[in-house]
Amino acid sequence: MKQAVILAAGEGQRLRPFTVNRPKAMLSLADKPILQYVIEALAGNGIRNIVLVVGYRKEQVYDYFGSGEKLGVELTYVTQQNQLGTAHALAQAKGATDDEFLVLAGDNLIETGTIAGFASVKPGAVLVKKVANPLRYGVVILDGKRVRAIIEKPREAGSNVVNTGIYAFSREIFDFTASVLDIPDAINNMIAAGHTINAVETEGPWLDAIYPWDILSLNDAVLQKVQGSSGGVIEAGVSLTGTVAIGKGTVIKSHSYIAGPVVIGEGCTIGPHACILPATSIGDNVVIAPFTEIENSVIGNDVNIGPGGLIQDSVIDQGCVIKGHFNACSDHNPNLANGEARETSIGVILGEGCRLGNNVVAQPGVIVGNYCQVQAFKLISGTLPDRSLVF
Amino acid sequence: MCGIIGYIGEKRAGPILLDCLTRLEYRGYDSCGIAVKTDGSLEIYKDAVRVRELSRQVPLSEGTIGVGHTRWATHGAPSKTNAHPHCDCSGKIAVVHNGVITNYQPLRERLAREGHNLVSQTDTEVIPHLIEKYYNGDLEKAVAKALGDIEGSYAIIVIAAGEARLIAARRDSPLIIGLGDRENFIASDVPAVLDYANRVVYLEEGDLAVVTADSVRVKEGGRPVKREENKILWTVADAQKAGYEHFMLKEIHEQPRVIRDTFAEYVPGAEANGNSIAGDSLEDLLLLSCGTSYHAALVGKYIIEELTGSPVRAELASEFNYAGRVSMRNRAIVISQSGETADTLKAMKKLKDEGCQVTAITNVVGSTASRLADRVIYTRAGPEISVAATKSFTAQLIALYRLALPYARVDLRRMEKLTVGLRQLPGKVQQVLDNKAAIIECAVRLAAYENVFYISRGINYPIALEGALKMKEISYIHAEGYAAGELKHGPFALLGADRPVVAIAPRDGTYDAMVTSIKEVKARQSPLLALVEEGDEVISELADMVIPLPVVEPLFSPVINSVALQLLAYYAASKRGCPIDFPRNLAKSVTVE
């Protein structure tokens, strides 16, 4: 297999507010979009001819990946105008594909090891994985190695083997993509028509972000593998422990304490006296003012966080301006989202371009939409739609 | 980033190399060169010009083996000497290189001690000399040995006068081999050779390839390896434009990143040692430039005057050369994307003769302007291919903000607002790009007219000029930028239902006066397109078309408005079917007066 098709057109409705302005595949983990991890996994397996199916906010994909040169791959872009489904997306790539190819989702986090071996499999195969909570996914019903059917989000699991959305196909698949919207349906039709589809199980990581707070566990997984580096200026009295990666042009001011794994992007100003605790990713061009503590969180590009804040288990999207003494402490929050209980403790989920005045307190688990404004001394809770004003 | 190319086959190498090089110019174009093997020697042609100009200088050679290079300077200024290919002492071995050799300084010194004569300031030149040192009849071995001494990144192609083969190698820089019929190509990327070959071998990290007209052998760590052949189905434009239809649209969309990159370039230096950029004050400042850069200079005048309270002069370099006067105390900043604009360079020389301190803001490392200047501020926009400047203009504005902020005489609260606001700009620009649907709709309507006026006041007046310039240069619609208050001194006579007016009207100190101007325009039946802040109701009521834009500090509104006007011009030109990246009669870098 020398070619891969990555489906990166989707919007990811359930990940709102983070997917209002970007495709799901461009969600950032440790300062890199999920899609980059997928491309790197392919390159790691020697697959450098990659067709990217893009749609929603495709310019962001173009701009970030360009011709693929920086990652050592050749990218061909194909547009899916309307995001109708994965089979429809794949069908758009028909004119750009070889005789056989891999198909992957651009918004699932994988590593080189996840698809090792699968790259040389015979076409007509699905990569599957055993998971603890199969009800969120497409469950694969097996007959030995052969796939009997794929059932999307079943009421009863019947099996803990799920579909990773990674396939090896020959061009035959295009005979089945026209009549359905999603690839599992196309596969079920192929099986019904007498084709053999084999399942290959992977032991490697495969993580899917379905809800906004899933970003934290994906970020944590990625940070475990990060390499330390420093392209910035570290002032006197700064303490760095564990693995810390600091981008070009970033200044870590005196007496800041950073305990890895932590990734900090380019052009940031951190501290003095800032405290960045493990499993935190900070984007480019971010300012963290003195005496602010951040733990197990993802902070986007251009964010400005004032002095004396506490931010735990939170995701803060790009361009937010947060004044002093922001409190986003984490706690277990059993609220149901789409009928499913959150399993993890979370602090705040904050959409892009929000402005929070001084001394705002966020109740654990609050979800704030994009471009919201909150006046000083307010307590926010629940779910705030985009462009909410809290006065 | 540079582009490299190699050809070996039965056809004349020169024209093929030059043709492929034009496709690599998006990787850099400050200088270029080729080497062609003829009989027992190498003919080398190179200069600090673009490929098109070099093509005119190169005589048609019979040679059928050659290498070529197009350069974007990192070590050593763009000049004939520093252009590739680089040779050994004998002129029998030549190398083209893309990448950065990190240990070139000690290697240079060692080679010089051993009697090698290195003539350029480049990191690359050590490679041919190292190969010469190790060469005793086996070029492949010599190249492998030379690469063993080198640290850093490289994609190289080596040609030797006595050999009917090319040697290629890569580490951390891309390189591919295009397979033809009794001919082979080596290039930085696939599009460079797609007109000649559609079967391609991708070289992997650390590969060394020996390429003849009918064979390709690849080795990794000295052992032969098999690299598979790939058939390429896509067409040339795709990869270079990375999915976009035109370079201009690609460059417009790059702007959030360009702003962030420019920040990363400045932050440590500027905040720790801000005053060193332009000396100890910005008094008696003269800003000089041409074209779009002149509009950046005009915005710079407003920025610096507002922040420091000192008056600033902004002048056209082409006029200053004939009539301009400076005082001894003058400090000057010249702005030129290419750093090669003839009028600007002439003005620089005049300023230097008068004893002025000159700072250059330029996008090209090592350009003539950067060498003439006492201080240089580099914008980090990267190569700009589209003739219409977009991202380089934005980067110039960012450079001016960064330059002026350390001198600002404003209270701390305002300073905090400004520094926070500046950091928010990339995201705000992204919002403009993400919500371009409204702009496209307006552009399609404007495309039907032959005359358009652009008006504004204050810091956005230069943006009216720039918006009109973008529109006229790519869509060929006659567009004029005017200070809104000047409309009544003449242009009123031209207004009417077939002459739309584009008004830039953020809610700053000029807002009420803009409302008055807009009413005057409406009274004369001109269709009105207004660029307003989100939530604006007064002007939105008056206008026929509205482009709502994210709210920013008034000082930074030129960035937001100019991006919106770039998109407006682009989609109007697109609707009219114009050759957007290469408009008629225009050149990217104007090196004649």
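Some notes on this structure:
- Residue in region B:245-274 that is modelled with the highest pLDDT, counting only those that are assigned to a loop (DSSP other than H, G, I, E, B) and within 11 Å of another protein chain (Cβ to nearest Cβ): B:GLU254
- When the residues of region A:253-269 are filtered to those that are within 14 Å of another protein chain (Cβ to nearest Cβ) and not acidic (Asp, Glu), the one that is farthest from A:LYS32 (Cα to Cα) is A:SER254.
- Single residue of region B:409-458 satisfying the filter (closer than 16 Å to A:TYR371 by Cα and among the polar types (S, T, N, Q)) that is nearest to the other protein chains (Cβ to nearest Cβ): B:GLN424
- Every condition in (1) within 8 Å of chain B (Cβ to nearest Cβ); (2) part of a loop (DSSP other than H, G, I, E, B); (3) without any contact (Cβ under 8 Å) to a residue 60 or more places away in the chain holds for A:ASP98 except the one numbered (3).
- Residues in region B:166-182 that are under 13 Å from B:ILE4 (Cα atoms) and assigned to a loop (DSSP other than H, G, I, E, B): B:SER173, B:PRO174, B:LEU175.
- Apart from one condition, A:TYR37 fits all of (1) assigned to a helix (DSSP H, G or I); (2) within 14 Å of chain B (Cβ to nearest Cβ); the exception is (2).
- The one condition in (1) away from chain B (no Cβ under 14 Å); (2) in a loop (DSSP other than H, G, I, E, B) that A:LEU104 fails to fulfil: (2)
- Contacts under 8 angstrom Cβ, first residue in region B:1-28 being within 18 Å of B:ALA48 (Cα to Cα) and in contact (Cβ under 8 Å) with a residue 12 or more places away in the chain, partner basic (Lys, Arg) and in a loop (DSSP other than H, G, I, E, B), 6 or more apart: B:GLU25/B:ARG50
- A:ASN49 in contact (Cβ under 8 Å) with a residue 40 or more places away in the chain and facing chain B (nearest Cβ under 10 Å): yes
- Here the strands (runs of 3 or more DSSP E) wholly within region B:187-244 that include at least 2 residues being at pLDDT 85 or above, assigned by TED's automatic domain parsing to the domain that holds B:ILE176 and under 34 Å from the mean Cα position of the chain (by Cα) are B:199-202, B:207-211.
- Options A:THR97, A:THR86, A:THR76: the member that is buried (at least 21 other Cβ atoms within 10 Å of the Cβ), of a type in the set (Ser, Thr, Tyr) and closer than 19 Å to A:PRO184 by Cβ: A:THR86
- For region B:372-386, taking the residues that are within 30 Å of B:LYS250 (Cα to Cα) and over 10 Å from the mean Cα position of the chain (by Cα), the one that is surrounded by the most Cβ atoms within 10 Å (Cβ to Cβ) is identified as B:ILE377.
- The criterion of at least 1 residues that are crowded, with 24+ Cβ neighbours inside 10 Å and within 14 Å of chain B (Cβ to nearest Cβ) is met by the following strands (runs of 3 or more DSSP E) wholly inside region A:275-391: A:280-282, A:348-350.
- Set B:ASP512, B:ASP508: member being over 31 Å from the mean Cα position of the chain (by Cα) and either part of a helix (DSSP H, G or I) or among the hydroxyl-bearing types (Ser, Thr, Tyr) (or both): B:ASP512
- With respect to (1) of a type in the set (Lys, Arg); (2) out of contact with any His (no Cβ under 7 Å at 6 or more places or on another chain); (3) under 26 Å from B:GLN255 (Cα atoms), the lone exception for B:LYS472 is condition (2).
- Qualifying residues in region B:350-369 (those that are hydroxyl-bearing (Ser, Thr, Tyr) and at pLDDT below 85) - the one surrounded by the fewest Cβ atoms within 10 Å (Cβ to Cβ): B:THR368
- When region A:55-64 is filtered for residues that are over 17 Å from A:PHE18 (Cα atoms) and either more than 7 Å from chain B (Cβ to nearest Cβ) or acidic (Asp, Glu) (or both), the ones remaining, listed by number, are A:ASP63, A:TYR64.
- Residue list for region B:326-342, restricted to those being closer than 11 Å to B:LEU288 by Cβ and surrounded by fewer than 24 Cβ atoms within 10 Å (Cβ to Cβ): B:VAL326, B:ASN330
The values are calculated or read from the model by the stated rules, or taken from the named source; none is laboratory data. Keep in mind that this is a model prediction, so the values were computed, not measured. Neighbour counts are summed over all protein chains in view; Cβ atoms, including those assigned to glycine, are modelled from backbone coordinates with ideal geometry.
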